[in-house]
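Student: After the structure tokens below, expect a handful of questions from me.
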Amino acid sequence: MEGLIVSAANWVIPALVLIVLVSGFCRRVPVYETFITGAQEGFEVAIKTIPYLVAMLVAISVFRASGAMDGMVHLMQPLLFPLGVPPEVLPHAVMRPLSGGAALGIATDIIRIHGPDSVIGRLVSTMQGTSDTTFYVLSVYFGAIGVTRYRYAPVSGLLADITTFLASVAIVQRVFG
């Protein structure tokens, strides 16, 4: 069965490309020209997002290097201890709204130290899978399309992050704790 799944997985992307090409040919769509136009538009969007991405990466580096993240984790510990939140996952909870890559690195370290089947490993995995990089989305994606007035987007995103964090803790404690 495993061999069948691996074999099928190797052919999924080539099959999808073939389906798109045949479908376009049957509908008389100029496939190559359409692809080039889309690639050009994608490149222009990528160029527009680079300044926002650089600004976000610099801000995250300053946040971590200044010790602000450690201070934030230290302040959060007494508040979250009564809820049963392990202090080991707090750096991930703080970093996840800022950077997916940094949060993934923190999650990887936590899982390496505590193991993937530990309650802490399962909790950080659940947190990684259920939350989003709020500030990254705001800076890069909103910047790419020219949104300058975010209004309630940061508050809504952070409330969603807090909700998924607390739900992750509650569910993992209930199921695995």
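Student: Residues of region 125-163 being under 18 Å from GLY101 (Cβ atoms), outside any helix (DSSP H, G or I) and either in contact (Cβ under 8 Å) with a residue 60 or more places away in the chain or of a type in the set (Ser, Thr, Tyr) (or both), which ones?
Tutor: SER131, THR133
Student: Considering each residue of region 138-160, count those that are surrounded by fewer than 15 Cβ atoms within 10 Å (Cβ to Cβ) and under 14 Å from the mean Cα position of the chain (by Cα), and give that number.
Tutor: Going through region 138-160 one residue at a time, the tally reaches 2.
Student: Another question, if that's okay. Is it the case that PHE135 is of a type outside the set (A, V, I, L, M) and closer than 20 Å to LEU75 by Cα?
Tutor: Considered against the rule, which asks whether it is of a type outside the set (A, V, I, L, M) and closer than 20 Å to LEU75 by Cα, PHE135 comes out as no.
Student: Looking for whichever is of a type in the set (Val, Ile, Thr) and under 21 Å from the mean Cα position of the chain (by Cα) here; the options are VAL17, VAL54. Which one fits?
Tutor: When all the criteria are applied, what remains is VAL54.
Student: Identify all residues within region 56-67 that are modelled with pLDDT of 80 or more and surrounded by 15 or more Cβ atoms within 10 Å (Cβ to Cβ); write none if there are none.
Tutor: PHE63 - this is the single residue of region 56-67 that is modelled with pLDDT of 80 or more and surrounded by 15 or more Cβ atoms within 10 Å (Cβ to Cβ).
Student: Please verify whether region 29-42 includes one or more residues that are out of contact with any helix residue (DSSP H, G or I) (no Cβ under 7 Å at 6 or more places or on another chain) and modelled with pLDDT under 90.
Tutor: Taking every residue of region 29-42 in turn, at least one turns out to be out of contact with any helix residue (DSSP H, G or I) (no Cβ under 7 Å at 6 or more places or on another chain) and modelled with pLDDT under 90.
Student: Among the residues in region 80-98, are any in contact (Cβ under 8 Å) with a residue 12 or more places away in the chain, of a type in the set (D, E, K, R) and farther than 30 Å from THR164 by Cα?
Tutor: No; the residues of region 80-98 include none that is in contact (Cβ under 8 Å) with a residue 12 or more places away in the chain, of a type in the set (D, E, K, R) and farther than 30 Å from THR164 by Cα.
Student: Sticking with this one: Filter region 87-124 down to residues that are outside any helix (DSSP H, G or I) and surrounded by fewer than 18 Cβ atoms within 10 Å (Cβ to Cβ), then give me how many there are.
Tutor: Going through region 87-124 one residue at a time, the tally reaches 4.
Student: Looking only at region 164-177, count how many residues are in contact (Cβ under 8 Å) with a residue 12 or more places away in the chain, of a type in the set (Gly, Ala, Ser) and out of contact with any Leu (no Cβ under 7 Å at 6 or more places or on another chain).
Tutor: Count: 2.
Student: Is it the case that LEU21 is of a type outside the set (Phe, Trp, Tyr), out of contact with any helix residue (DSSP H, G or I) (no Cβ under 8 Å at 6 or more places or on another chain) and either closer than 19 Å to SER139 by Cβ or without any contact (Cβ under 8 Å) to a residue 60 or more places away in the chain (or both)?
Tutor: Against the criterion (of a type outside the set (Phe, Trp, Tyr), out of contact with any helix residue (DSSP H, G or I) (no Cβ under 8 Å at 6 or more places or on another chain) and either closer than 19 Å to SER139 by Cβ or without any contact (Cβ under 8 Å) to a residue 60 or more places away in the chain (or both)), LEU21 does not qualify.
Student: Can you find a residue that is of a type outside the set (Asp, Glu), touching a residue at least 24 places away in the same chain (Cβ under 8 Å), surrounded by 11 or more Cβ atoms within 10 Å (Cβ to Cβ) and in a helix (DSSP H, G or I) anywhere in region 68-79?
Tutor: yes
Student: Taking the conditions exactly as written (touching a Ser or Thr at 6+ places or on another chain (Cβ under 8 Å), among the β-branched types (Val, Ile, Thr) and under 20 Å from GLN173 (Cα atoms)), does ILE111 satisfy them or not?
Tutor: When the stated conditions are applied, ILE111 passes them.
Student: Let me ask something else about it. Go through region 3-62 residue by residue and tally those that are among the charged types (D, E, K, R), more than 30 Å from PHE135 (Cα to Cα) and either assigned to a helix (DSSP H, G or I) or in contact with an Asp or Glu (Cβ under 9 Å, 6 or more places away or on another chain) (or both).
Tutor: 1
Student: Condition first: surrounded by 11 or more Cβ atoms within 10 Å (Cβ to Cβ) and over 15 Å from GLY143 (Cα atoms). Now tell me which residues in region 37-55 satisfy that.
Tutor: THR37
The values are calculated or read from the model by the stated rules, or taken from the named source; none is laboratory data. Remember, it's a predicted structure, so these values are computed and weren't measured experimentally. Cβ: placed from backbone, ideal geometry, glycine included. Neighbour counts: every protein chain shown.
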